[in-house]
Amino acid sequence: MPPLPTIPNGFRVTLNWNAGGMPANSVMNFLMPGGSPASLFALLNSSVSAGMWTTVGAGASVTSVDILPYDGTTPTQVFTATGAQWAGTGTGDLTIALAVLVSLRTAVRGPRGRGRLFLPFTAEGVTNAGAVNAALFPAIQTAWEGFDSAMSAGGATWCVGSLFSTLGAPALRDITTINVEVGLATQRRRQDRIR
């Protein structure tokens, strides 16, 4: 993979999940003018809520957060995540292969303007027939919209990253729409089209 591009005021945030020794990661991008990894983590820590992780099993949590500035020189800084706001609250056994998908859209059309965030370790008790229980869905959507608003109010804009596009310069694009998908998803790896 080529080196990451340089994007002023840009940061890559990796949420490091753990469920009984099983790891998973969720990656996000932010623009925070004048920010630092420490100030971005402090804002994340005060902006996340347990409502965002309603679908994640109670045995899983974000244990650390890696923050890498896209400045081309500063190394990744690792912050310990503690507190109930970082832990899943779903009941029942964990499903390893299925995730809840948070779909992200920007004002740019096409793949460069779309992103996604996978929430791992979905609890069986919050699903029904391959979808999030309808009664839970509105509160989860509201929690994610609240997170976005809190981050914006603190000076950090949640973005979709278009980092290795052959169609234009690397960019972080402001998210205009957040959709927590009702149906469960799997993260497909891109496969070689030549068989």
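Read the figures in this text as sums done on the coordinates, not as results from a lab. A quick note: this is a predicted structure, and the numbers were derived from the prediction, not measured. Here the Cβ positions follow ideal geometry from the backbone for every residue, glycine too, while neighbour counts run over all protein chains shown.
Compute the label zone of Ala153 within segment 94-108: residues whose backbone N is under 11 Å from the point 7 Å along Cα-to-Cβ. No residues fall inside that zone. Ordering 117-123, 49-55 by mean Cβ neighbour count within 10 Å, with the highest value first, yields 117-123, 49-55. Extending 7 Å from the Cα toward the beta-carbon at both Asn9 and Asp71 defines two label points whose distance is 1.5 nm.
In the chain, helical runs assigned H by DSSP with n ≥ 4 each contribute -39500 (n - 2.57); averaged across all residues and rounded to the nearest 500, the mean residue ellipticity at 222 nm is -4500 deg cm²/dmol. Tell me whether segment 10-180 comes out rounded, prolate or oblate; compute the Cα gyration tensor, take square roots of the eigenvalues as a ≥ b ≥ c, and use a/c under 1.5 as the rounded threshold. Cα axes put segment 10-180 in the prolate bin. Mean sequence separation of contacting Cα pairs (under 8 Å, at least six apart), scaled by the length of the chain, corresponds to a relative contact order of 25 percent. Once you've got the GNM for the chain with C-alpha springs shorter than 10 Å, pick whichever of Ala135, Ala81, Ala143 has the biggest mean-square fluctuation. Fluctuation is largest for Ala135. Distance from the Cα centroid of segment 4-35 to that of segment 105-184 is 14 Å (rounded to whole angstrom). Put simply, when 72-78, 18-24 are sorted by average Cβ atoms within 10 angstrom per residue, most first, you get 18-24, 72-78.
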